[in-house]
Amino acid sequence: MPDRKRILKILLLHATLLPTLLFAFYVFSLAPKSWEGVDEAVVEKIAKEHGREASDPLIDPGSGDLLLFGFLLAGSAGGFAAGYYWRQLTRKD
Amino acid sequence: MRWKHSKGCNAAAAPPSPCGRGAGDGCRGGLVKAGGASLAAGSLLLVATPAFAMHISEGILPFSWGVFWYLALLPFLFLAIRRLNAMAREDLSMKPLVGLLAAVVFIVSCMPIPVPTAGTCSHPCGTGVAAILVGPLVSVLIAAVSLLIQALFLAHGGLSTLGANTFSMGVVGSLAGWLAFRAARRMGGSLAVSGFLAGLLADWGTYAATSLILSLGIRGDAPLWPLFTKVVLAFLPTQLPLGILEGVLSAGMVTLLYRKRPDLLLRMRVITDKELPSNA
């Protein structure tokens, strides 16, 4: 019966997808909470072993909301530019 | 450099739907959608969770090596500006494509993606797809501008290491991606498979170059190759899966552009006349 097959397919899809999603969230919860970037975990760590340490950037926005605001602006401007140029590219004329 | 950043880290800007000539409302709708996409990108970048930048940070490389990588980069930048001017003279319609790729490379290269198997974050480069679509030279320029803005305003990388970071991501990443794409196409690879390989090798090439640049800069009297191997092995758990992700992104972008604007791909010699869809 086609209906029965369809229901079976949907059940199979759920039986596959739901455990996969749960597993994905579980794996994320196992990882270190700080989610270090590879610059800290690799570059700066190995550089420090060889006597080189990172210095403050020229324009130092610190680690607070100012830098968050900078990323907000950067994300907004980049996303807007990408959308704007994509629209220009896919315009019919 | 510590900064607050997104945990989800997925800031792909959904493009607005295309609007036809004279479709004023549709165009305004497109702009609204573009604005919405940008806000979504911004908000996704900014769910506050501690994370870190990924390029070689300010001050890590000695001054002499910083200057060396600037000098090594200069000829590529000079050729890139010439190539971009030539492209703009030949065909004005390439400008939106360059603008789109610049935005994509900028967003993608400051977007940390968590890798659960490694417990760290890193980012794709985007230079592979840029090299396929506008050529490796223009891709170098795009990477340089993106990294300059990030170094100046986002504490991402640094001005003293800008030459080194641009050399690895712009020059090596672009060339690796472009060569991989051309080789795969010559061997009969489809657009998607070739795009995937280009993204994969651009990412891995970038981090191999970063490893070499870092090892050369910090080794002092230590032997080079053991240190290089150590850095590469430390990058592997994060960059192996991210390279695959970058391959998928590159393949997706190339095939999407093939569906929407195959004529552009033909002009950039990404596809041949025979591969043009019949309705193009």
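No value in this document is a laboratory result; all are computed from the given coordinates. These numbers were taken from a predicted model, which means no experiment stands behind them. Here Cβ is always computed from backbone atoms with ideal geometry, including for glycine, and neighbour counts include all displayed protein chains.
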- [ ] Please give the net charge around B:Leu201, taking every other residue with its beta carbon less than 13 angstrom from that of B:Leu201, where Lys and Arg add +1 and Asp and Glu add -1.
- [x] -1
Task: Cleavage-rule hits, trypsin sites (Lys or Arg not before Pro), region B:232-280, DSSP coil, Cβ neighbours within 10 Å at most 12 - done: B:Arg269
- [ ] Collect residues whose amide H, placed 1.01 Å from N in the peptide plane, falls under 5 Å from the amide H of B:Ile113; neighbours closer than 5 in sequence don't count.
- [x] B:Ser122, B:His123
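Could you sort the peptides B:220-231, A:61-72 by per-residue average Cβ neighbour count (10 Å cutoff), highest mean leading? Mind showing how you got there, number by number?
Numbers: B:220-231: 12.8, A:61-72: 15.9.
Going by the mean number of other Cβ atoms within 10 Å, highest first, we get A:61-72, B:220-231.
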Task: Sum of side-chain charges, B:Thr272 neighbourhood, beta-carbon under 14 Å (Lys, Arg +1; Asp, Glu -1) - done: +3
Task: Placed amide H near A:Ser55: partners under 5 Å, 5+ positions off or other chain - done: B:Glu58, B:Gly59, B:Ile60
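Peptides A:81-92, B:99-110: what's the order by average Cβ count within 10 Å, highest mean first? Don't jump to the answer; show the numbers that get you there.
On the way: A:81-92: 20.5, B:99-110: 24.8.
With the highest mean Cβ count within 10 Å placed first, the list reads B:99-110, A:81-92.
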- [ ] Report, to the nearest 10°, how far helix A:65-89 tilts away from the longest principal axis of the Cα atoms in chain A, using its own Cα long axis and a range of 0 to 90°.
- [x] 50 degrees
Open item on the list: Take the residue pairs A:Lys9/B:Lys260; A:Lys5/B:Lys260; A:Lys9/B:Lys274; A:Lys92/B:Lys95 and return only those whose Cα atoms are more than 28 Å apart.
Closed with: A:Lys9/B:Lys260; A:Lys5/B:Lys260; A:Lys9/B:Lys274
- [ ] Using the Karplus curve 6.51 cos²θ - 1.76 cosθ + 1.60 with θ = phi - 60°, work out ³J(HN,Hα) for each residue of region B:233-245 in order, rounded to whole Hz, and write x for Gly and Pro.
- [x] 5, 6, 6, 3, x, 8, 7, 4, x, 5, x, 5, 4
Open item on the list: What's the ranking of A:7-16, B:61-70, B:205-214 by average number of surrounding C-beta atoms within 10 Å, highest first?
Closed with: B:205-214, B:61-70, A:7-16
Open item on the list: Give me the one-decimal Kirkwood hydrodynamic radius in Å for region B:130-267, with the sum taken over alpha-carbon pairs.
Closed with: 15.8 Å
Open item on the list: Test of understanding: in a Gaussian network model of chain A with alpha carbons linked when under 10 Å, which of A:Ala41, A:Ala74, A:Ala54 would top the mean-square fluctuation ranking?
Closed with: A:Ala74
- [ ] Quick one: which residues, 5+ away or cross-chain, put their amide H under 5 Å from the amide H of A:Glu36? H built at 1.01 Å from N.
- [x] B:Cys121
Open item on the list: Under 14 Å between alpha carbons, and skipping anything fewer than 8 positions from B:Lys230 in its own chain: which aspartates and glutamates qualify?
Closed with: A:Glu44, A:Glu49
